[in-house]
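Note sheet for the following structure.
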């Protein structure tokens, strides 16, 4: 379920207000202080920037124009259009801090947006000490120089884009703004200084409930001075510099000639959000707990036609196992065909065969890798046999249950000493019983992190007390929030004494904590998957369900437990306890980077094995930790690292994506 954050804010405001003042709310949401995905690949991004030429390559303006819809898998902008190494000292010394994602916007034009906030390129805030109501210069998105010398005002060149304030984040304040600037070389006093002139801006505001979400802007290049070699444009924002706050989302940037002010449609048809999980309730379940009855009856696929006319489209989905073997095709060799009306006349496409395709398969219960496995679901749209949009998702089966999608939009906390937080789960009835080995949690680093780490809580597991937590079946004192800064989603496992919590088939239970201090312990909160009916809190002796729509970043772990790492999708991977290392991104398409191991001398060697254990690649790892995987077929692989003496340092699993 996808709910707008503006509704949450209104509910929260009503909850906070008491008379002429404000009461401490029992439940509270807080902005992210940092972006773990940007933080995790900051080293790779810095190496990428440093390898770029100081003067960016000039783009020859093509007859088809320039276009970016931010629908790619990378969380960094496309370097074929955007200059990620740009800096303009002394005022602009940070590279682009924007974040490409598929989770922060509401009703985007297509799959993926570019988000501007108060977090810089390395995932950290621009200013730790900034007040949440202050404003300052934050993210930039700067185009490469463009050669427009072959065009003129008569060619009617327009720059268009769509923007949205807030989305699933926080509304920008009135003193915040989102701006578009132009530059040409003739304005620059020297080769080290770029002079920008503002051509458009909008001030911050809180969208109303009937806001149309994304807004279109069309800017005509109406001056002859623009049509030169080296024209640039940039988007940037003013926001609170203390973290993920005051959000603006950018989509569908187009620079093209032969346009008019009435050219308001992009003409494309595509996915809006990643299709939902194939499971009824969960994003992931332990593979040994999986049973076919856990499958949902349908996928939820949202498709938007941004054209002026209806389009006749064809839809498929394909399911692959870890060996890249196709398990099923929906619906058949010809695909599901239907007419997709325009979004502006009829909203999202509403055709059961395409937008709610039947899930008529179940996953094998004994795959090659029976301990854990990942399946790939590829959703495809075509028109006249030509593919025009593809979205690939993963179905993960590991040793944990997860309601969340692996990304946190905000942090969730309770106010009050001895407040209790409980999260409801029900054991699968496949196994007669299984042992709860750990509880994974992603605690949110906040501004007073040193003080927060000193606060303690009691880890708890409750039996069901009639659709609410009942008797305590496990309790462990003197726990405190721990942070794993090396991995994108920073889950940390809190172990449970061996064999003390054995759950039987079909048993409902609750995991969580009782905090010892009055101040809040903030845990990651996912807005994109609503399971608030399973979140219970107790601050005054009675259990209540949460008023906030979303999911906690809290997961029960069963069976054998390993030291774990996390990639940006939340996939768990084994790692050696003697020399742990992490891989990012994971899944990856062209390149992976190894972190947490010292390879400054470039002496480590890597060996890549396929799912059957066959050696498919061996090489000396580069000093920066990068390994080229572009030649590998799509599937699951294991990478082994050895030192110069040939000693095995560890083994990790990764997924080669499309």
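Each reported figure results from applying straightforward, stated rules to the coordinates on display, with no laboratory input. Nothing here was measured: the structure is a model prediction, and the numbers come from that model. FYI the Cβ positions are ideal-geometry reconstructions off the backbone, even for glycines, and counts take in every protein chain you see.
Considering every alpha-carbon pair of the range 271-398, the percent of pairs per 5 Å bin, from zero through the bin containing the longest distance, is 2, 11, 20, 22, 17, 12, 8, 5, 2, 1, 0. Decide, for the range 83-137, between rounded, prolate and oblate: order the square roots of the alpha carbon gyration tensor eigenvalues as a ≥ b ≥ c, take rounded if a/c falls under 1.5, and otherwise choose prolate if a/b is larger than b/c, else oblate. It comes out oblate by the Cα gyration axes. Listed from fewest to most Cβ neighbours within 10 Å, the set 537, 474, 170 follows the order 474, 537, 170.
Here the range 271-398 carries DSSP beta bridges of which approximately 90% are antiparallel, counting only pairs with both residues inside. Computing FRET efficiency as 1/(1 + (r/R0)^6) for residue 150 and residue 346, where r is the C-beta to C-beta distance and R0 is 45 Å, gives about 0.65.
The structure shown yields Rg and Dmax of the Cα atoms in Å, and of the options (i) 31.3, 112; (ii) 26.8, 84; (iii) 25.3, 77 that calculated value carries the label (iii). Mean sequence separation of contacting Cα pairs (under 8 Å, at least six apart), scaled by the length of the range 410-564, corresponds to a relative contact order of 41 percent.
Taking the longest Cα principal axis of the chain as reference, the axis of helix 5-16 is set at about 60 degrees. Segment residue 220..residue 137, full-extension length gain: 27.3 nm, with 0.36 nm per residue of separation and the alpha-carbon distance subtracted. Per-residue Cβ neighbour counts within 10 Å put 553, 645, 349, 294 in the sequence 645, 294, 349, 553, beginning with the fewest.
Annotation: peptides 540-547, 631-638, ranked by per-residue average of other Cβ atoms within 10 Å with the highest first, follow the order 631-638, 540-547. Full extension of the segment from residue 605 to residue 72, taken as 0.36 nm per residue of separation minus the current Cα-Cα distance, would add 188.8 nm. Considering only beta bridges that DSSP places wholly inside the chain, some 95 percent are antiparallel.
Peptides 214-223, 188-197, 68-77, ordered by how many other C-beta atoms sit within 10 Å of their residues on average, highest first, read 68-77, 214-223, 188-197.
Each residue, residue 353 and residue 619, gets one label point 7 Å from its Cα in the Cβ direction; the gap between the two is 4.6 nm. Per residue of the chain, the DSSP helices (runs of n ≥ 4 H) give a summed -39500 (n - 2.57) that works out to -1500 deg cm²/dmol at 222 nm.
Using C-alpha pairs under 8 Å with a sequence gap of at least 6, the mean separation divided by the residue count of the chain gives a relative contact order of 13 percent. Each of 242, 138 was scored by other Cβ atoms within 10 Å of its Cβ. Listed from fewest to most, they are 242, 138. In a fully extended conformation the segment linking residue 544 and residue 455 would gain 29.7 nm over its present Cα-Cα distance, using 0.36 nm per residue.
The simple spin-label model puts a point 7 Å past each Cα toward its Cβ; for residue 471 and residue 79 those points are separated by 6.1 nm.
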